[in-house]
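**Q** Just passing along the structure, written as structure tokens.
The values are calculated or read from the model by the stated rules, or taken from the named source; none is laboratory data. All of these numbers come straight from a predicted model, not from anything done at the bench. Here Cβ is always computed from backbone atoms with ideal geometry, including for glycine, and neighbour counts include all displayed protein chains.
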Amino acid sequence: MTDALIVLDIGKTNAKLALIDAAGAVLADQRRANTVLMDGPYAHLDTDGLWDWLLATCRAFAAQARVSAIVPVTHGATAALVDDTGLVLPVLDYEAELPGVEYAGPPYDETLSPRLPAGLNLGRQLAWLQARFPGEFARARHILTYPQYWAWRLCGVAAAEATSLGCHTDLWNPRTQTYSSLVDRMGWTALMPPLAPAHAVLGTLRPEVAAATGLPAGCEVLCGIHDSNASLLRYLGQDTGTVLSTGTWMIAAAFGASLDGLSEQADMLANTNALGQAVACMRFMGGREFGKLAGAKPVPCGFEDIERLVARGTLALPCFAKTGGPFAGRVGSIVGSLPTGARERYALATLYCVLMTNYCLDALGATGPLAVEGSFTANPWFGPLLAALRPQQSVSYSDDASGTTCGGWMLRYRNASAPGTSSTMTPCAPAGFGGYAARWLGALDR
């Protein structure tokens with residue numbers, strides 16, 4: 001049988017399991033919604049549903065290849081509180097409101113983690129849980145960031161990892177690559193397991209997991225990584241250049257950009273990459289906002305739909321999500337003639353995400369080649385329109401539609417060349433697009 005590994009990729013909206021061979025080819029994949037449950041004490045993630053799906057899917061994959069490793073990759077701002085047997089509290093959804101508890105996070109200059117709404121700062125989540133559920137919190141043996149929770153559930157070894165600690169959590173100092181002052185002040189230091197690199201093998205499958213999945217008893221479990229940092233892996237080592245990870249979140253990471261230029265008010269932050277280096281980043285909830293503008297059943301547009309909207313001067317102004325981004329707290333609006341039909345809604349959503357991305361890249365001072373990873377590579381107009389606005393940067397699409405799958409594979413095969421190819425986008429925009437973009441910028445100040 002073919003040698004392969006499994007990447008468990010849990011995004012905020014959807015989860016995916018991918019079976020990938022040693023050459024980087026995807027042999028099979030399965031997806032399901034990443035459900036938020038409203039029962040229990042607060043909105044929480046359906047970890048049991050994901051676990052049952054994982055076991056069943058791994059059993060199907062075990063019949064197709066000889067699986068030697070599992071790599072967890074997940075969204076950020078999420079953690080599990082566990083004792084020796086399992087969760088002591090459900091895993092809190094980071095979009096849940098957290099009322100009634102005062103939270104004093106560390107200063108922005110220390111963490112480069114902007115103050116965010118709801119539970120997007122993981123430190124706020126933990127402080128809220130500790131105050132509201134002191135008995136359960138006191139039972140916890142470990143605080144596990146989300147990829148490491150799944151690694152622990154698979155192999156029983158607890159670990160902490162820098163990319164997951166370093167994504168707007170308030171728990172990490174990106175300049176020193178150590179825990180922030182908040183961790184000691186809140187009494188959480190003893191709950192933090194030993195640090196391990198994302199590529200580290202933590203152990204092999206628990207016997208009961210091997211039995212339930214049919215995977216080999218010696219199947220190794222890697223520590224795992226934050227999903228946007230998985231998308232960065234193939235580009236690490238560059239002095240300049242920009243990676244745009246797209247999905248529910250659009251996250252721009254600019255190699256070589258100064259950390260000193262980051263602004264808390266603009267929701268700019270420093271993530272930590274898999275080499276333990278701080279990277280200047282800016283983001284907005286592009287996939288969520290695209291869905292709000294395009295509708296529940298998006299219908300891809302043609303170029304003529306984009307031309308009509310630009311000619312009519314129809315603008316979508318931020319923002320259409322409640323969490324994060326440079327215009328958080330501002331209510332989104334459409335100026336001018338409303339789009340007619342699903343194709344024009346898709347066109348307006350595309351234009352909006354292009355303009356927001358361009359705004360973020362300018363604010364970051366992004367330079368060098370711009371690589372687009374993730375779900376927006378399925379949009380035929382996003383890249384060409386963005387390239388038209390950024391003649392100083394060549395824009396390319398990766399052929400890895402998830403962005404994170406290749407990164408998960410690369411944690412296992414660290415010395416191998418990244419599989420796949422990229423396609424350079426030819427700038428393409430309707431007449432008057434430059435003026436349209438300028439009017440959009442001008443409207444932001446009104």
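**Q** With the structure loaded, tell me whether PRO147 is closer than 30 Å to ALA210 by Cβ and buried (at least 16 other Cβ atoms within 10 Å of the Cβ) or whether it fails that test. Can you show your working first?
**A** Values: closer than 30 Å to ALA210 by Cβ: yes; buried (at least 16 other Cβ atoms within 10 Å of the Cβ): yes.
Spelling it out, PRO147 is indeed closer than 30 Å to ALA210 by Cβ and buried (at least 16 other Cβ atoms within 10 Å of the Cβ).
**Q** Assess whether ALA347 counts as being out of contact with any strand residue (DSSP E or B) (no Cβ under 9 Å at 6 or more places or on another chain) and either among the acidic types (Asp, Glu) or more than 20 Å from ASP399 (Cβ to Cβ) (or both). Give the steps one after another, and end with the answer.
**A** Details: out of contact with any strand residue (DSSP E or B) (no Cβ under 9 Å at 6 or more places or on another chain): yes; either among the acidic types (Asp, Glu) or more than 20 Å from ASP399 (Cβ to Cβ) (or both): yes.
Here the answer is yes, as ALA347 does meet what is asked.
**Q** Only residues in the stretch 57-70 that are modelled with pLDDT of 95 or more and in a strand (DSSP E or B) count as the first member; pair them with residues that are surrounded by fewer than 20 Cβ atoms within 10 Å (Cβ to Cβ) and of a type in the set (A, V, I, L, M), Cβ under 6 angstrom, at least 6 apart or cross-chain, and list the lot.
**A** ARG66/MET1
**Q** Next question, about the same structure. Cβ contacts < 8 Å: first residue of a type in the set (S, T, N, Q), restricted to the stretch 78-100; second residue in a loop (DSSP other than H, G, I, E, B), any location; separation 6+ or different chain. Result?
**A** Partner pairs satisfying both residue conditions: THR78/VAL91; THR78/TYR94.
**Q** Please determine whether any residue of the stretch 36-49 is farther than 29 Å from VAL88 by Cα, in the same structural domain as PRO207 (by TED's automatic domain parsing) and not hydrophobic (A, V, I, L, M, F, W, C).
**A** Taking the stretch 36-49 and keeping what is farther than 29 Å from VAL88 by Cα, we get none.
Checked the stretch 36-49: no residue is farther than 29 Å from VAL88 by Cα, in the same structural domain as PRO207 (by TED's automatic domain parsing) and not hydrophobic (A, V, I, L, M, F, W, C).
**Q** How many of the residues in the stretch 38-48 are under 21 Å from the mean Cα position of the chain (by Cα) and outside any loop (DSSP other than H, G, I, E, B)? If you could, list the steps in order and put the result at the bottom.
**A** Residues of the stretch 38-48 under 21 Å from the mean Cα position of the chain (by Cα): 43-47.
So of that shortlist, the ones also outside any loop (DSSP other than H, G, I, E, B) come out as 44-45, 47.
Here the count works out to 3.
**Q** Identify, please: which residue in the stretch 201-223 is of a type in the set (A, V, I, L, M, F, W, C) and not in a loop (DSSP other than H, G, I, E, B) and is, among those, nearest to the chain's Cα centre (by Cα)? Outline the logic, then answer.
**A** Going through the stretch 201-223, the residues of a type in the set (A, V, I, L, M, F, W, C) turn out to be 201-202, 205, 209-212, 215, 217, 219, 221-223.
Subsequent filtering for residues that are not in a loop (DSSP other than H, G, I, E, B) retains 201-202, 209-212, 221-222.
Details: VAL201: 23, LEU202: 23, VAL209: 27, ALA210: 29, ALA211: 32, ALA212: 29, VAL221: 21, LEU222: 19 Å.
Taking the candidates together, the pick is LEU222.
**Q** On the given criteria, is LEU129 touching a Phe, Trp or Tyr at 6+ places or on another chain (Cβ under 7 Å) and surrounded by fewer than 22 Cβ atoms within 10 Å (Cβ to Cβ)? Break it down into steps so the answer makes sense when it comes.
**A** Working: touching a Phe, Trp or Tyr at 6+ places or on another chain (Cβ under 7 Å): yes; surrounded by fewer than 22 Cβ atoms within 10 Å (Cβ to Cβ): no.
For LEU129, the condition - touching a Phe, Trp or Tyr at 6+ places or on another chain (Cβ under 7 Å) and surrounded by fewer than 22 Cβ atoms within 10 Å (Cβ to Cβ) - is not met.
**Q** Return yes or no: is PRO326 farther than 30 Å from LEU262 by Cβ and in a loop (DSSP other than H, G, I, E, B)? Before the answer, list the steps.
**A** Values: farther than 30 Å from LEU262 by Cβ: no; in a loop (DSSP other than H, G, I, E, B): yes.
The answer is no for PRO326.
**Q** Can you run down the residue pairs with Cβ atoms below 6 Å, 6 or more apart or on separate chains, where the first is in the stretch 111-130 and in contact (Cβ under 8 Å) with a residue 24 or more places away in the chain and the partner is acidic (Asp, Glu)?
**A** If the second residue must be acidic (Asp, Glu), the pairs left are THR111/ASP170; SER113/ASP170; PRO114/GLU264; PRO114/ASP267; ALA118/GLU95; ALA118/GLU97; ASN121/ASP170; GLY123/ASP170.
**Q** Could you give every pair whose Cβ atoms fall below 7 Å, whose first residue belongs to the stretch 1-17 and is closer than 11 Å to THR404 by Cβ and in contact (Cβ under 8 Å) with a residue 60 or more places away in the chain, and whose second residue is in a strand (DSSP E or B) and among the small types (Gly, Ala, Ser), counting only separations of at least 6 or pairs across chains?
**A** The qualifying pairs are VAL7/ALA18; ASP9/ALA15; ASP9/ALA18.
**Q** Looking at LEU54, LEU98, can you tell me which residue is modelled with pLDDT of 95 or more and part of a loop (DSSP other than H, G, I, E, B)?
**A** Numbers: LEU54 fails: part of a loop (DSSP other than H, G, I, E, B).
Only one candidate passes the filter, namely LEU98.
**Q** Just one of GLN64, GLN30 is of a type outside the set (Asp, Glu), surrounded by fewer than 16 Cβ atoms within 10 Å (Cβ to Cβ) and not assigned by TED's automatic domain parsing to the domain that holds GLU264; which is it?
**A** Numbers: GLN30 fails: surrounded by fewer than 16 Cβ atoms within 10 Å (Cβ to Cβ).
Of GLN64, GLN30, the one residue that is of a type outside the set (Asp, Glu), surrounded by fewer than 16 Cβ atoms within 10 Å (Cβ to Cβ) and not assigned by TED's automatic domain parsing to the domain that holds GLU264 is GLN64.
Condition check ((1) touching a Lys or Arg at 6+ places or on another chain (Cβ under 7 Å); (2) without any contact (Cβ under 8 Å) to a residue 12 or more places away in the chain; (3) within 19 Å of THR350 (Cβ to Cβ); (4) in a loop (DSSP other than H, G, I, E, B)) across all residues:
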residue	(1), (2), (3), (4)
TYR397	no, no, yes, no
THR405	no, no, no, no
TRP409	no, no, no, no
ALA418	yes, no, no, yes
SER423	no, no, yes, no
THR426	no, no, yes, yes
ALA429	no, no, yes, yes
ALA437	no, no, yes, no
